[in-house]
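Participant: Here's a structure for you.
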Amino acid sequence: MAVRMLMQNHFSEVVTLASPQQIPSILREKMPDVVLLDMNFTTSINSGNEGLYWLRAIKKLKPDTNVVLFTAYADVNLAVNGMKDGAVDFVVKPFDNDNLVEVLTQARDGKDRNTGKEKKETTSDKNSSQMFWGESPAMVKLRHVVERIAKTDANVLITGENGTGKELLAREIHRLSLRHNGPMVAVDMGALTETLFESELFGHVKGAFTDAKSDHAGKFEEAENGTLFMDEIGNLSYQLQAKLLRALQQRYITRVGGNKQIDVNIRLVCATNKNLQAMVGLGEFREDLLYRINTIHLEIPSLRERKEDIPALVELFLDKYGKMYNAEGLQLSQDAKEKLMNTPWMGNIRELEHVVEKAVIMSDHQILTANDFDTPNVAGNAERDTRAGDKELSVSGQTLEDMEKNMIKQAMVQCDGNLSLVAQQLGISRQTLYNKLKRYGL
């Protein structure tokens, strides 16, 4: 808790985990700039091997993630060995506040702690593509459009179901843009409360409010000369939409508690799973803001609309998790391939990835069959929940919001109400889960 409070004044977002088992899902969801990793998690074990295990897992999953080890004085030699496995630095407990801040900010900025100079990037740097396009006609068409518009500064609105890869597409647009050497800053608009909105987006000056102990640059400033990605833009309240529109129109912001106008030069990319045009008709979304963010509209097809891409995606995930869990060389049987291609995948690529990861962990043979994949039975789940008294559940005629609400309900039942596990299973942050629970009255 002390580290979290200290770092909130120096990082735009700080996520703390009670268990290292959450690390893979957080890496996929948040793509952190730097990870502060403790060497020991289990009270009865203090060998440091846990830290080394998770260090290697992080470097396999996200090789470019900078990891700083957090260790006791007696384990310094172990931490040095950890640097050979990919850690960029280590901090000894009990720690000095200023030293911890310096080490983590240097790691975030990709600089050498001793020289203060930027480290040379490896071949797997920020300009390497993480986007899987596939060969389906829908994705081929989308790729053609993206390659045409990426080099412009036009604002882009990305729509599509949950789990289709909207943030990955936003990062691909940034990678292909003329701003690729600038920052790519992402913000979850659905997680911003009324009180934090202006501070997070526009920044604040020291003394602006009780916890403002230093000046803080907001997301707009952080994204200067780069791309600002606003995820879940459809979850922004009507009142906050007006404040966002004003900043986009004026092209400058003013920090909370300050009076200096700060010019901003950003390329805006937004994403949502909602129908914003319908929300405009219902008076839930500002039409003028929609016009401002919707110069180019890109719709990512669901996995059901690109079934021919599923086998290749599965192969990618088998390779990824095979390396992570020391189960390399796994292959897919024909019946498994057919089963996966015929699954509706309401959670799309994110859901498919979780199912493949589980299969890799649980399987004890090289060729994975249909029985190795615990695929969702949408119709069966709906029937079961209806018998339990939930008369709302119905597969046919559901809206995307109905489906999302039902998925959350089902996850709540499967995880016995444990919100951390629910968020992990759904592939979203706890804050996003809280917002959705409030929104759906769950």
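The values are calculated or read from the model by the stated rules, or taken from the named source; none is laboratory data. In this text the structure is predicted, and so the values were computed from the model without any measurement. All Cβ positions, glycine included, derive from the backbone under ideal geometry; neighbour counts span all protein chains shown. With ligands, DNA and RNA removed, areas are computed over all heavy atoms of the protein, side chains included. Shrake-Rupley method; radii C 1.70, N 1.55, O 1.52, S 1.80 Å.
Participant: Going by the conditions given, is residue 228 open to solvent by 50 Å² or more (accessible area, probe 1.4 Å), closer than 24 Å to residue 161 by Cβ and of a type in the set (A, V, I, L, M, F, W, C)?
Facilitator: Criteria not met by residue 228.
Participant: Checking residue 186 against (1) surrounded by 14 or more Cβ atoms within 10 Å (Cβ to Cβ); (2) assigned to a loop (DSSP other than H, G, I, E, B); (3) modelled with pLDDT of 90 or more, which single condition isn't satisfied?
Facilitator: Answer for residue 186: the failing condition is (2).
Participant: Read through the list (1) farther than 29 Å from residue 5 by Cα; (2) more than 16 Å from the chain's Cα centre (by Cα), then give the number of the only condition that residue 196 fails.
Facilitator: (1)
Participant: Would you mind stating whether residue 319 is under 21 Å from residue 246 (Cα atoms), surrounded by fewer than 20 Cβ atoms within 10 Å (Cβ to Cβ) and out of contact with any Phe, Trp or Tyr (no Cβ under 7 Å at 6 or more places or on another chain)?
Facilitator: no
Participant: In addition: With the checklist (1) open to solvent by 60 Å² or more (accessible area, probe 1.4 Å); (2) at pLDDT below 75 in hand, flag the one item residue 364 doesn't pass.
Facilitator: Only one criterion in (1) open to solvent by 60 Å² or more (accessible area, probe 1.4 Å); (2) at pLDDT below 75 is unmet by residue 364, namely (2).
Participant: Note down all Cβ pairs under 7 Å where the first residue falls in the stretch 82-110 and is on the phi > 0 side of the Ramachandran plot and part of a loop (DSSP other than H, G, I, E, B), the second is open to solvent by 70 Å² or more (accessible area, probe 1.4 Å) and of a type in the set (Asp, Glu), and they're at least six residues apart or on different chains.
Facilitator: As it stands, the answer is 110/118, since those pairs meet every condition given.
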